[in-house]
Amino acid sequence: MAPAAPIAPTHRVTRKQVGMPEARLAKPWRGVSLGGWLLLEPGPADPLFGRFPDPGDDDEEARCEWDLMKIMRKQLGDAGAEEEIRRHREAHIGKEDFEKIRACGLNAVRLPFGYWVVLGASSGEPYAGGGMEFIDRAVDWAEECGLQVVLDLHGCPGGESGEAPCGHRQRPPGTWRWQNWDMDKSLKALEVLCQRYASRTCVTGVAVCNEPSNETPLTRLLQYYDRATDMIRKCGMPASRVAAVLPVFQRPEDKVIRKWRSLYGQKHTNYCFDVHCYHCFENEFNGKTFAQHLRAVESNAQMLREYPMVVGEWSLALGQAAWNTCGSMTQLEIYKDFGAAQARAFEEASHGHFFWNWTERRDSIEWNYQVALEEGLLSGTAPSIPAWQPGDGEDPLEERYNPWPLKDPRVLYGQRIALRVFYGRYIDVYGGDVSARWADKGIWQSLTFQPVSSRRVAAARRAVAAGDVVYLRAHNGRYLSLGPDGTVQAVKAPGIAARFVVYLGNGARELTHRGALYLQSKATGTLLDADDVEDGLFARFGDFGDWQQFAVEKILPKSAASASKRRPAPEEAPTPKNRSSTAPDDAVMVFALPTTSGKAAVHAAGALQLAEDTPATAKRRRVMEKSPSCISLASMSTGVSPFHVGTAALLPLSASSAASSARSELGSRADT
């Protein structure tokens, strides 16, 4: 490829607001991050992490570069580990990647690296230090290909947080403290970097850290930003060409920017605040419907119009609830609407945006720019967003994306429903245990409202209404009931503790599909609530808050469900709760095979794994052998088989798991 024209003239800045020092780039960055190259993270550097699993953690992948380097040094020795890192850096990204990026129509790359690549690793740290020649290559390739570069100090000395993106995931929480961050040494790394590339016109941005912890006092953080911006300018990178990139992470953006302006006024020019617009982490996004995600994108666009910003990272990944609230759309249709909506919103950013990431596992379509582009998910017309404000009733986007396909959207007594909690999971019942552990709506998540009134026959086909006193009946015939410790259990015979008063959101009089619901205990006056940390369902407070609000979703009859079958959520969607659970007796299945005696005999080593459509939905069962000619699934407590096996396959478990399979871990999917 012939050398491109100089970049600097296209990068003149213009005033974004009269009288304010913020500027908008003449050609904002439209690019991708090169994560996993000079700072290693699982996913972007997947082949390397996959080859060196953690033997102390059941051969799971290491969580960060620090842990990976410790494993590699132990297995390969110091020289072998450092040679392995050199080979990775040589092969992971090459000039051909820069050429492809340019051919995609992008104009910039964001280059994350750890401070040890610039200064070498500190004493006692396992990192493979040194590697400036690779940053040299990136700058050369960018210049040759006509791309701009944002140099991103992604991992600071001591860590700007205790999380994996800075290189070292430190656990338990509290191990890392904000005082561990060596800000002076971070400035030294920036000084070396900026002096080295001051004359390179393709370098048009320098990020002074990445995702700093919100435990760092805001004033101290902004003082570091002020010093870092001064350092960038002192090293010969003028505001007319190079933007200082200042991250805002897990803090209210308006608060940070007001504080910055109060401290430094118009001292600095051509800076921008770096925000990461992800929709898949934390309870807020795991609990959002797909329509609510699109509203959040709209809100981001408004934020980007108000402040000088770059969207330093974004992806197509969505939280748990989105996948159950988009009707019959296919997975690719969902991603396409979401991607186009974000791309349109990010055009408002004064300094542009960078997709995370250029390289990823090929099956991680939501994180892999190249695959997403191939599938057409990053182009096309963004969906129209009708005007709506909270308090105006239900958002019309909800009906557009999650319509009830049958005539009557009302929830009637006796109809099967699922209740979604604020972090995107559904209430489930196993035996007498009640919790909210999975994002699937199967038989264990199936509930019905039952009238408390003695005139049940008359009430049976009417809608559940505000003020009604109801029972909640589970799939196994048990009723949700409040125990003396405030924990909800499923009991066989309902009493006063199983009675709940219905309160509806948005001023509704009757409960409908997608409706907001609160359930107040008739016995105590407290409201049912879910907990994203502790398994279980509770009734502890009198508040009508997020923890107490449930979203009601009607479950289609089988005949209608087969015609409106949804796509499954991606298997690796981030979740707020990733704990295993043990199934009760009525969820443990057995295989019954006829024998010559006609009686069931437990196979001595007969634990099998029932693998359904994907490994993520595998369920372990107990096996009872009678003959090789017949297999059936049944509940140990009832003998009833509520599962449809479909295209299941039987896979042998290890001997150790076979021994403990009587009460083994179950997946969440159950075809109803």
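The values are calculated or read from the model by the stated rules, or taken from the named source; none is laboratory data. Everything numeric in this text was worked out from a predicted model, so none of it was measured. All Cβ positions, glycine included, derive from the backbone under ideal geometry; neighbour counts span all protein chains shown. Quick note on the areas: whole protein, heavy atoms, side chains included, nothing else; ligands and nucleic acids left out. Shrake-Rupley method; radii C 1.70, N 1.55, O 1.52, S 1.80 Å.
The C-beta contact set for segment 516-535 (first residue within 16 Å of R437 (Cα to Cα), second residue of a type outside the set (A, V, I, L, M, F, W, C) and in a strand (DSSP E or B), distance under 6 angstrom, 6+ apart or interchain) comprises D535/S435. Checked against (1) over 22 Å from R420 (Cβ atoms); (2) touching a strand residue (DSSP E or B) at 6+ places or on another chain (Cβ under 8 Å); (3) surrounded by fewer than 16 Cβ atoms within 10 Å (Cβ to Cβ), N506 passes all but a single condition, namely (1).
For a quick check of your reading of the model, give me the residue pairs whose first member lies in segment 284-307 and is within 18 Å of P386 (Cβ to Cβ), whose second is open to solvent by 40 Å² or more (accessible area, probe 1.4 Å), with beta-carbon atoms closer than 6 Å and at least 6 apart or on different chains. These pairs meet every condition: E298/I385; A301/E348.
Within segment 128-141, is even one residue under 23 Å from L373 (Cα atoms) and aliphatic (A, V, I, L, M)? Looking for residues that are under 23 Å from L373 (Cα atoms) and aliphatic (A, V, I, L, M), one finds at least one in segment 128-141, hence yes.
Within segment 406-437, work out how many residues are part of a loop (DSSP other than H, G, I, E, B) and touching a Leu at 6+ places or on another chain (Cβ under 9 Å). Talk me through it step by step, then tell me what you get.
Initial filter on segment 406-437 (part of a loop (DSSP other than H, G, I, E, B)): 406-409, 411, 413-415, 421-425, 431-432.
Those still in the list that are touching a Leu at 6+ places or on another chain (Cβ under 9 Å) too: 406, 411, 421.
Residues in segment 406-437 being part of a loop (DSSP other than H, G, I, E, B) and touching a Leu at 6+ places or on another chain (Cβ under 9 Å): 3 in total.
Scan segment 186-206 and tell me whether some residue there is farther than 30 Å from R24 by Cα, modelled with pLDDT of 95 or more and open to solvent by 10 Å² or more (accessible area, probe 1.4 Å).
Start the filter on segment 186-206 by keeping residues that are farther than 30 Å from R24 by Cα, which leaves none.
No, segment 186-206 has no match at all.
Can you confirm whether E96 is closer than 19 Å to F49 by Cβ and assigned to a helix (DSSP H, G or I)? Even if it seems obvious, please write down each step before you answer.
On the way: closer than 19 Å to F49 by Cβ: no; assigned to a helix (DSSP H, G or I): yes.
Here the answer is no, as E96 does not meet what is asked.
Within segment 368-382, take every residue that is within 18 Å of R110 (Cβ to Cβ) and at pLDDT 95 or above and give me the one that is most open to solvent (accessible area, probe 1.4 Å). Walk me through how you get there before you give the answer.
In the first step, residues of segment 368-382 are kept if they are within 18 Å of R110 (Cβ to Cβ); the result is 368-370, 372-373, 378.
When the remaining residues are screened for being at pLDDT 95 or above, the result is 368-370, 372-373.
Values: N368: 9, Y369: 17, Q370: 51, A372: 0, L373: 67 Å².
Filtering first and then ranking leaves L373.
Candidates in segment 52-88 are the residues that are over 32 Å from the mean Cα position of the chain (by Cα) and hydrophobic (A, V, I, L, M, F, W, C); of these, the one that is surrounded by the fewest Cβ atoms within 10 Å (Cβ to Cβ) is A79. Scan segment 123-135 for residues that are touching a residue at least 24 places away in the same chain (Cβ under 8 Å) and open to solvent by 30 Å² or more (accessible area, probe 1.4 Å) and the total you get is 1. Yes or no: segment 383-403 includes at least one residue that is out of contact with any Leu (no Cβ under 9 Å at 6 or more places or on another chain), closer than 30 Å to N506 by Cβ, part of a helix (DSSP H, G or I) and open to solvent by less than 50 Å² (accessible area, probe 1.4 Å). Within segment 383-403, one or more residues are out of contact with any Leu (no Cβ under 9 Å at 6 or more places or on another chain), closer than 30 Å to N506 by Cβ, part of a helix (DSSP H, G or I) and open to solvent by less than 50 Å² (accessible area, probe 1.4 Å).
Total residues in segment 28-37 satisfying the condition of being open to solvent by less than 10 Å² (accessible area, probe 1.4 Å) and in contact with a Gly (Cβ under 6 Å, 6 or more places away or on another chain): the figure is 1.
Quick check: anything in segment 321-337 of a type outside the set (A, V, I, L, M), touching a Lys or Arg at 6+ places or on another chain (Cβ under 6 Å) and open to solvent by less than 20 Å² (accessible area, probe 1.4 Å)? No, every residue in segment 321-337 fails to be of a type outside the set (A, V, I, L, M), touching a Lys or Arg at 6+ places or on another chain (Cβ under 6 Å) and open to solvent by less than 20 Å² (accessible area, probe 1.4 Å). If you go through segment 464-480 one residue at a time, do you hit one that is more than 31 Å from the chain's Cα centre (by Cα), buried (at least 17 other Cβ atoms within 10 Å of the Cβ) and more than 23 Å from E553 (Cα to Cα)? The answer is no; no qualifying residue exists. Restricting A239, A243 to residues that are crowded, with 23+ Cβ neighbours inside 10 Å, within 18 Å of N270 (Cβ to Cβ) and of a type in the set (A, V, I, L, M) narrows the list to A243.
Give me a count of the residues in segment 444-465 that are among the hydrophobic types (A, V, I, L, M, F, W, C), at pLDDT below 95 and more than 15 Å from L412 (Cβ to Cβ).
Applying the first criterion (among the hydrophobic types (A, V, I, L, M, F, W, C)) to segment 444-465 yields 444, 447, 449, 452, 457-460, 463-465.
Add one more test, that the residue is at pLDDT below 95, and what stays is 452, 457-460.
The next check asks that each one be more than 15 Å from L412 (Cβ to Cβ); those that pass are 452.
The number of residues fulfilling the criteria is 1.
Residue count for segment 333-367 satisfying the condition of being within 20 Å of C104 (Cβ to Cβ) and in contact with a helix residue (DSSP H, G or I) (Cβ under 9 Å, 6 or more places away or on another chain): 23. Evaluate the following for W141: is it open to solvent by 10 Å² or more (accessible area, probe 1.4 Å), touching a Phe, Trp or Tyr at 6+ places or on another chain (Cβ under 7 Å), part of a helix (DSSP H, G or I) and touching a residue at least 12 places away in the same chain (Cβ under 8 Å)? So W141 passes the test.
What's the total number of residues in segment 172-185 that are modelled with pLDDT of 95 or more and assigned to a loop (DSSP other than H, G, I, E, B)?
Step one: filter segment 172-185 for residues modelled with pLDDT of 95 or more, giving 175-185.
Of the ones still in play, those that are also assigned to a loop (DSSP other than H, G, I, E, B) are 175-177, 181-182.
Number of matching residues: 5.
Only one of (1) open to solvent by less than 60 Å² (accessible area, probe 1.4 Å); (2) over 20 Å from A436 (Cβ atoms); (3) within 34 Å of the chain's Cα centre (by Cα) fails for F538. Which number is that? Just one mismatch for F538, condition (2).
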